[in-house]
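Notes follow the structure.
Read the figures in this text as sums done on the coordinates, not as results from a lab. Just so we're clear, the structure is a prediction, and the values are computed from it rather than from any experiment. Cβ coordinates were reconstructed from backbone atoms using ideal geometry, including for glycine residues, and neighbour counts include every protein chain displayed.
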Amino acid sequence: MDNYGILAVLPPVVSVFLAIYTRNIILSLTLGALSGALILNAYNPFFAIVSLMADHIFVQVSSPSNTQVILITLIIGGFVRILEDSGGARAFSASIVKFISSPVRGQFAAWASGISVFFSDAANSLIVGPLFRPVFKELKICREKLAYITDTTASPVTILIPVGSWGVYIMSLIENSYAGIGVEEDAFSVLLNVWPYQFYAFLALLAVPMIVSTGKDFGPMAKAQEKYLKNVVDEDIKVDKKEEEAPKLIVVILPFLIMILTLASIMGYFVLSGGIKSEQINAALCISYILAAVGCAYVMKKFQSKTYSDALETFFKGMGQLISVAAILALAWALSSICRDLGTGQFLATLVGDSLDPRFFPIVVFFIGAMMSFATGSSFGTYAILMATTIPVAHILGADLVLTIAAILSGGLFGDHTSPISDTTVLASLGAGCPHIDHVSTQFPYALLTGFMTVCAFILLAIYSTPYVIFVMAILQYITIKTLMYRFGR
């Protein structure tokens with residue numbers, strides 16, 4: 001392998017810088033990969049462009065595992081769209097509203113509804129937010145609190161579902177990163193090993209009931225609630241009045257029942273037959289989501305008088321909405337391939353040398369991921385760049401790969417949760433019906449508290465290598481929240 005020196009870090013640096021400057025992850029990954037192709041092809045632009053397409057993008061996309069990932073991603077997009085149009089998820093959330101009788105219960109119901117809509121972070125905000133706007137008004141709770149709850153149960157719960165769209169995306173990045181460093185391990189097994197260490201996702205989800213149980217708020221959220229109570233009279237809720245009656249619960253129960261039974265049957269068969277492989281998991285996912293979409297089309301025809309042709313058209317529209325994700329995947333794979341050819345990981349490892357204890361490397365990765373995601377508003381793009389660049393470094397340094405991946409996921413999620421330009425943050429504001437800047441300012445202290453606890457969790461993990469750290473941090477987070485509410489809450 002040629003020694004490219006400091007030029008080896010140019011592609012990821014270009015990608016990161018442009019992602020922060022342009023906030024366009026596809027453009028950033030494209031130009032970052034192109035810069036690497038130029039270096040590999042002696043700065044000849046003609047050969048660089050051809051090589052980028054022929055030797056990297058085509059090769060990566062044509063890989064059987066990567067092709068499977070793109071197909072699954074598009075199928076999941078189709079299912080999510082048809083489920084949204086059927087009103088199934090809204091029906092599921094609406095059933096929870098019957099148990100509301102107080103402000104605390106109302107907030108718990110919104111939190112539970114957010115967790116129930118686990119298949120899509122965008123759908124979470126756009127379903128739970130509008131559903132609970134009239135409920136929160138009746139209970140005299142400000143919409144900033146609703147936006148916080150929906151935002152905090154959107155990405156954090158979606159990223160914890162291994163067989164969802166986020167899980168499939170992350171597994172593809174893991175598989176390519178591991179292949180680049182010569183480690184043969186099943187991506188699904190790796191993700192399951194990472195699962196207990198996704199500290200930010202767990203602590204963020206737990207923070208909501210911890211805060212709600214106190215019956216108080218602090219900081220900008222408390223001020224927003226006081227301001228709302230002063231202006232609660234005659235608030236405009238015309239949008240809420242125009243909402244349609246929630247569809248029957250069978251609209252969501254039948255598709256998910258089909259999905260779960262199909263997935264469990266196929267995966268269970270292979271597990272009992274001597275072991276399951278990634279391609280069998282991918283096949284099970286494809287089949288279960290397709291059959292679930294068929295079930296959704298059936299209930300739409302039966303209860304909403306929609307034809308199967310309408311359902312199929314909706315399904316393909318949903319697939320089309322995820323073309324950008326497929327493009328990000330292809331470019332991320334190409335960037336990873338180019339970084340391998342340039343020896344980016346080896347060069348970065350020599351810079352770090354022995355100056356950093358490998359046990360603390362995940363903490364550094366968490367901060368890098370948080371800054372990138374905050375600046376770009378994209379956790380997906382952050383994952384793509386950091387998986388391609390930090391996994392090789394972790395491997396060479398001897399750092400724990402599972403913990404490094406967990407740090408990438410937690411850091412990217414934290415930055416995305418606090419970023420004012422994040423799509424999920426914007427959708428949470430839209431769904432709750434509150435000014436976007438108010439949502440960002442009121443949510444930030446709560447998210448920052450969880451981010452601080454996550455850093456402490458990784459520090460403890462460097463000292464005591466056990467997944468039970470999450471239980472310790474959950475207790476400390478609850479004590480901290482209780483203390484803050486006692487001193488500053490109102």
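Annotation: extensible slack from Ser63 through Leu257 equals 66.6 nm (criterion: 0.36 nm per residue apart, minus Cα-Cα distance).
Once the chain from Ala54 to Asp357 is taken as fully extended at 0.36 nm per residue, the excess over their C-alpha distance is 105.1 nm.
A Förster radius of 41 Å combined with the Cβ-Cβ distance from Leu71 to Val104 puts the calculated FRET efficiency at roughly 0.40. Note on Phe367 and Ile115: their simple-model spin labels are 3.4 nm apart, each label 7 Å out from Cα toward Cβ. Label point of Gln304 set 7 angstrom out along Cα-Cβ; within the range 313-346, amide nitrogens under 18 Å from it belong to 313-321.
Near the amide H of Lys306, within less than 5 Å, lie the amide hydrogens of Lys301, all on another chain or at least 5 residues away, with H placed in the peptide plane.
Among Gly215, Val393, Ser155, whose Cα sits farthest toward the positive end of the charge dipole of the chain (+1 at Cβ of Lys/Arg, -1 at Cβ of Asp/Glu, about the Cα centre)? Of the listed residues, the answer is Gly215. Placing a pseudo-label 7 Å from each Cα along the Cα-to-Cβ vector at Phe488 and Lys317 gives an inter-label distance of 4.5 nm.
The alpha carbons of the range 290-449 stretch over 67, 40, 21 Å along the principal axes, in descending order. Charged side chains reduced to their Cβ positions (Lys and Arg at +1, Asp and Glu at -1) give the chain a dipole of some 1580 debye around its Cα centre. Relative contact order of the chain, taken over Cα pairs closer than 8 Å and 6 or more residues apart, is 26 percent.
Note on the range 298-345: dipole from Cβ charges, positive end direction compared against Gly320, Tyr298, Ala334; the farthest Cα belongs to Tyr298. Computed over the range 425-490, the quotient of the alpha carbon radius of gyration and 2.2 N^0.38 Å is 1.41.
Which parts of the range 158-187 would a label at Val271 reach, counting a residue when its backbone N lies under 18 Å from a point 7 Å out along Cα-to-Cβ? Of the residues in the range 158-187, 161-164, 168, 186-187 have backbone N under 18 Å from the label point off Val271.
Each of Ser309, Leu139, Thr262 was scored by the projection of its Cα onto the charge dipole of the chain, and the greatest displacement toward the positive side belongs to Leu139; charges sit on the C-beta of Lys, Arg, Asp and Glu.
Computed from Cα atoms alone, the Kirkwood hydrodynamic radius reported for the chain is 23.5 Å.
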